[in-house]
Amino acid sequence: MPARYPERIVCLTEETTETLYLLGEEQRIVGISGYTVRPARARREKPRVSAFLSARNDRILALKPDLVIGFSDLQADIARDLAKAGLTVLIFNQRTVPAILSMILTLASLVGAAAKGERLVAELEAGLDAIRAGAARFPRRPRVYFEEWDEPMISGIGWVSELIGIAGGEDVFSELAASQAATGRIIADPGEVIRRKPDVILGSWCGKKFRPERVVARAGWTDMPAVRDGTGSARSISLADSSAWSGAADGLLPPGKTD
């Protein structure tokens, strides 16, 4: 049989699914994560075969993939089991904005679409540059607290902190962002967030719905600039639900490319 690029790919996380769609290579995908929401049509077109920490190995094997793509050490057990079953498994480990862009180039090359990958990365980089330029006009850089998990409280990983900076903000826990492991970003004392006085709070609880009302209910948090008005009462709350890779492309690509 002649050599060929992968034609039956299972994506265990959303970012590779979205990237293949952006590359126009979605016909290669035969299975996706149940957490996939972008593009919306992927959920209609592709069978869901995994969560994040677990997978339906029987369904994956039945699809006869020639490549399974996962993310990080958190999916190491899934990767091991599928490799033992005879499948080819690739684990990406992107944790920064440059690493995300490199992942796109690598994935594009894997499916014989290197030129399209280069064009996509160029578009994303142009979008980032435009956002930087707009942010440079801000009269001040708002202080931002990003919460990845609530119990225990965990601050944002590297690419999150970088995007906050690119968008004109200041990550109040930037010194923790370099830690790849979530354990290195645990905030043991909720009072430390209060002391750092964020103007904006963003949240994305990985694997469960973000609940702003729970955040506001924490002792003393209504006194922070992010959640109080001039009288100290909760007025408007600067909280947003922000999903990992999915949100990164918003504003970076022309309209319609992430639909």
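List of remarks:
- Helix 97-110 vs. the chain, principal-axis angle (Cα, 0 to 90°, nearest 10): 10
- Cβ-Cβ FRET estimate between residue 211 and residue 40, R0 fixed at 22 Å, reported to 0.05: 0.40
- Adding -39500 (n - 2.57) for every DSSP H run of four residues or longer, then dividing by how many residues the chain holds, sets the calculated 222 nm ellipticity at -10000 deg cm²/dmol.
- Alpha-carbon centroids, the stretch 71-86 and the stretch 181-214: separation in whole Å: 30
- Cα shape, the stretch 1-124, gyration tensor, a/c 1.5 rule: rounded
- Most tightly packed first, judged by the mean number of other beta-carbon atoms within 10 Å of their residues, the peptides 135-144, 161-170, 111-120 read 161-170, 111-120, 135-144.
- Full extension of the chain segment joining residue 58 with residue 183 gains 41.8 nm, where the gain is 0.36 nm per residue of separation less the Cα-Cα distance.
- Listed by chain and number, the lysines whose alpha-carbon sits under 29 Å from that of residue 84, ignoring those within fewer than 8 places in the same chain, are 46, 64.
Laboratory data are not the source of any read-out in this text; all were calculated from the coordinates shown. Just so we're clear, the structure is a prediction, and the values are computed from it rather than from any experiment. Note that each Cβ is placed from the backbone with ideal geometry, even for glycine, and that neighbours are counted across all protein chains shown.
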